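Read through the structure below, which is laid out as structure tokens, and then see the notes.
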Amino acid sequence: MAAPARGHLTGRLAGFGTTIFAEMSALAARTGAINLGQGFPDSDGPAEVIEAAVEAMRGGHNQYPPGPGIPALRAAIAAHQRRFHGIELDPDGEVLVTTGATEAIAAALLALCEAGDEVVTFEPYYDSYAACIALAGARRRVVTLRPPDYGLDPDALAAAFSPRTRLVLLNSPHNPTGKVFDRAELELVARHCRERDVLAVTDEVYEHLVFDGREHVPLATLPGMGERTVTISSAGKTFSLTGWKIGWACGPRELVAAVQTAKQFLTFVSGAPFQHAIAHALALPDAYFQSFRAGLQAKRDRLCAGLEAAGLEVLRPAGTYFVNADIRAIGEHDGHAFCLALPQRAGVVAVPTVVFYDAEDVGRPLVRFAFCKRDDVIDEAAARLARLASAGA
Ligand code: PMP
Ligand code: GLN
């Protein structure tokens with residue numbers, strides 16, 4: 001992350017500059033390179049969902065919606081959790097609509113942590129986790145996921161807990177690695193939570209992007225976890241509408257009420273017309289979700305083949321929008337320097353995975369590429385990256 005530009009920033013945010021996503025998208029804009037950095041699709045979501053938003057605007061849904069979210073969307077979120085995960089929720093009190101998953105994560109951390117509490121999370125971690133833990137006055141205790149398989153080390157997990165542990169912040173399917181935590185790993189996490197009476201906050205924004213027949217298991221569905229877990233997701237990824245920023249937090253009434261207390265002072269309420277449209281989107285038939293998943297799996301395969309042809313070692317993701325490559329296979333070591341040079345060398349932008357690691361040695365040779373792009377864009381990026389191999393780099 002780049003250093004902050006001015007000296008007025010609170011100490012809690014010392015070291016947090018511009019996010020890597022903004023930095024790399026700016027680099028792409030400046031150089032005209034293909035942007036496989038920031039994870040956003042280059043095609044919009046279903047036309048009928050966009051029409052539903054237009055209708056909501058024309059229909060006069062343009063003023064502040066209710067604090068917890070409009071009833072139709074809360075009901076649709078509860079129905080979605082039942083349909084896909086077997087989770088039963090009362091839309092009235094156990095579901096909160098937020099401004100994207102980003103706000104739900106921030107509100108949960110601000111609402112649930114005392115200053116000095118510890119939050120166990122897994123690295124590489126999504127960048128807002130570190131910033132929000134810091135804003136809450138808490139400390140992060142990080143469990144390192146190591147390539148190539150990013151397995152969960154039980155000893156490292158146990159060592160991350162202490163009497164100060166307040167909650168575990170878990171992202172599965174996991175950005176940036178593409179790891180999907182399996183049931184045994186989740187059970188290990190759950191056991192620590194139960195035995196130590198620790199809460200869990202889960203970020204499941206890629207819940208519909210699990211490949212090769214794998215399943216996404218929400219932590220809240222494990223024994224004893226429903227009562228102590230805030231489950232967070234959003235519409236951005238699932239419906240290719242990342243700019244709408246409609247997310248949600250679900251869980252036991254008392255936890256959701258706490259998150260809502262913080263949320264109301266962050267944004268008060270969120271995107272009225274979009275809420276109507278996402279209520280419609282969540283009720284789309286199973287076929288939508290299946291073809292979304294199959295489409296992204298095919299894009300994963302397409303980009304992986306291109307990266308392999310470029311001579312990179314591909315760490316094939318089990319889910320999400322992202323694939324990591326190890327650049328040591330082409331004689332490089334420093335992912336950050338590589339990404340800064342890549343627009344000039346190959347006309348492509350990617351993200352250095354090291355920025356998501358505290359253990360920089362582990363992340364240094366890794367580079368993240370987003371494959372949520374049109375096939376012709378992936379193909380053009382692959383053709384350009386092939387220069388790396390042909391240059392004999
Ligand atoms: N969590 C993860 C793991 C993400 O990759 C993202 C990026 N979209 C978010 C949260 C933020 O989601 P939203 O855009 O809904 O705020
Ligand atoms: N989640 C997206 C990514 O990981 C970016 C979202 C953002 O820019 N904050 O690339």
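The values are calculated or read from the model by the stated rules, or taken from the named source; none is laboratory data. No experiment lies behind these values; they were computed from the predicted model shown. Cβ coordinates were reconstructed from backbone atoms using ideal geometry, including for glycine residues, and neighbour counts include every protein chain displayed. Surface areas here come from the heavy atoms of the whole protein model, side chains and all, with no ligands, DNA or RNA. Shrake-Rupley method; radii C 1.70, N 1.55, O 1.52, S 1.80 Å.
With (1) part of a helix (DSSP H, G or I); (2) open to solvent by 10 Å² or more (accessible area, probe 1.4 Å); (3) more than 16 Å from ligand 2 (Cβ to nearest atom) as the list, and residue 131 as the residue in question, which single condition is left unmet?
(3)
Go through the stretch 84-104 and report how many residues are within 16 Å of ligand 2 (Cβ to nearest atom), surrounded by fewer than 22 Cβ atoms within 10 Å (Cβ to Cβ) and at positive phi.
Count: 0.
Among residues belonging to the stretch 316-341 that are part of a strand (DSSP E or B) and within 16 Å of ligand 2 (Cβ to nearest atom), point out the one that is farthest from residue 40 (Cα to Cα). Working first, answer last.
Residues of the stretch 316-341 that are part of a strand (DSSP E or B), as a first pass: 319, 322-326.
Adding the requirement that they be within 16 Å of ligand 2 (Cβ to nearest atom) leaves 319, 322-325.
On the way: 319: 15, 322: 10, 323: 14, 324: 16, 325: 19 Å.
Selected residue: 325.
Can you name every one of the helices (runs of 4 or more DSSP H) wholly within the stretch 205-289 that holds 1 or more residues which are among the charged types (D, E, K, R), in contact with a strand residue (DSSP E or B) (Cβ under 8 Å, 6 or more places away or on another chain) and open to solvent by less than 10 Å² (accessible area, probe 1.4 Å)?
253-266
Would you say residue 306 is touching a residue at least 24 places away in the same chain (Cβ under 8 Å), at negative phi and surrounded by 16 or more Cβ atoms within 10 Å (Cβ to Cβ)?
Yes.
Please enumerate the residues belonging to the stretch 157-174 that are open to solvent by less than 10 Å² (accessible area, probe 1.4 Å) and in a loop (DSSP other than H, G, I, E, B).
Scanning the stretch 157-174 gives 172, 173, 174.
So, residue 45, is that one closer than 25 Å to residue 272 by Cβ and either among the small types (Gly, Ala, Ser) or in contact with a Cys (Cβ under 7 Å, 6 or more places away or on another chain) (or both) or not?
Here the answer is yes, as residue 45 does meet what is asked.
Test residue 94 against the criterion of being in contact with a helix residue (DSSP H, G or I) (Cβ under 7 Å, 6 or more places away or on another chain) and charged (D, E, K, R), and give yes or no.
So residue 94 fits the description; yes.
Please find, among 300, 368, the residue that is open to solvent by less than 10 Å² (accessible area, probe 1.4 Å), within 29 Å of residue 82 (Cβ to Cβ) and within 16 Å of ligand 2 (Cβ to nearest atom).
Going through 300, 368 in turn, the sole match is 300.
Counting only residues that are at negative phi and either assigned to a strand (DSSP E or B) or small (Gly, Ala, Ser) (or both), which one in the stretch 114-128 is most open to solvent (accessible area, probe 1.4 Å)?
Top of the filtered list is 115.
Can you name the number of the only condition in (1) within 14 Å of ligand 2 (Cβ to nearest atom); (2) of a type in the set (Ser, Thr, Tyr); (3) open to solvent by less than 60 Å² (accessible area, probe 1.4 Å) that residue 18 fails?
Residue 18 satisfies all of (1) within 14 Å of ligand 2 (Cβ to nearest atom); (2) of a type in the set (Ser, Thr, Tyr); (3) open to solvent by less than 60 Å² (accessible area, probe 1.4 Å) except (3).
Give 50, 70, 105, 20 a once-over and let me know the one that is in contact with an Asp or Glu (Cβ under 9 Å, 6 or more places away or on another chain), in contact (Cβ under 8 Å) with a residue 24 or more places away in the chain, hydrophobic (A, V, I, L, M, F, W, C) and farther than 26 Å from residue 126 by Cα.
It is 50.
Just name the residue that is least open to solvent (accessible area, probe 1.4 Å) out of those in the stretch 38-83 that are in a loop (DSSP other than H, G, I, E, B) and acidic (Asp, Glu).
42
Kindly indicate whether residue 335 is of a type outside the set (Ser, Thr, Tyr), open to solvent by less than 10 Å² (accessible area, probe 1.4 Å) and within 16 Å of ligand 1 (Cβ to nearest atom). Lay out the reasoning, then the answer.
Working: of a type outside the set (Ser, Thr, Tyr): yes; open to solvent by less than 10 Å² (accessible area, probe 1.4 Å): yes; within 16 Å of ligand 1 (Cβ to nearest atom): no.
The answer is no for residue 335.
Would the stretch 104-113 turn up any residue that is outside any helix (DSSP H, G or I), away from ligand 1 (no atom under 12 Å from the Cβ) and more than 19 Å from residue 220 (Cα to Cα)?
Yes - at least one qualifying residue is present in the stretch 104-113.
Scanning for something of a type in the set (Phe, Trp, Tyr) and over 19 Å from residue 275 (Cβ atoms), does the stretch 60-70 turn up at least one residue?
Within the stretch 60-70, none of the residues are of a type in the set (Phe, Trp, Tyr) and over 19 Å from residue 275 (Cβ atoms).
Identify, from the list 182, 197, the residue that is open to solvent by 10 Å² or more (accessible area, probe 1.4 Å) and at positive phi.
197
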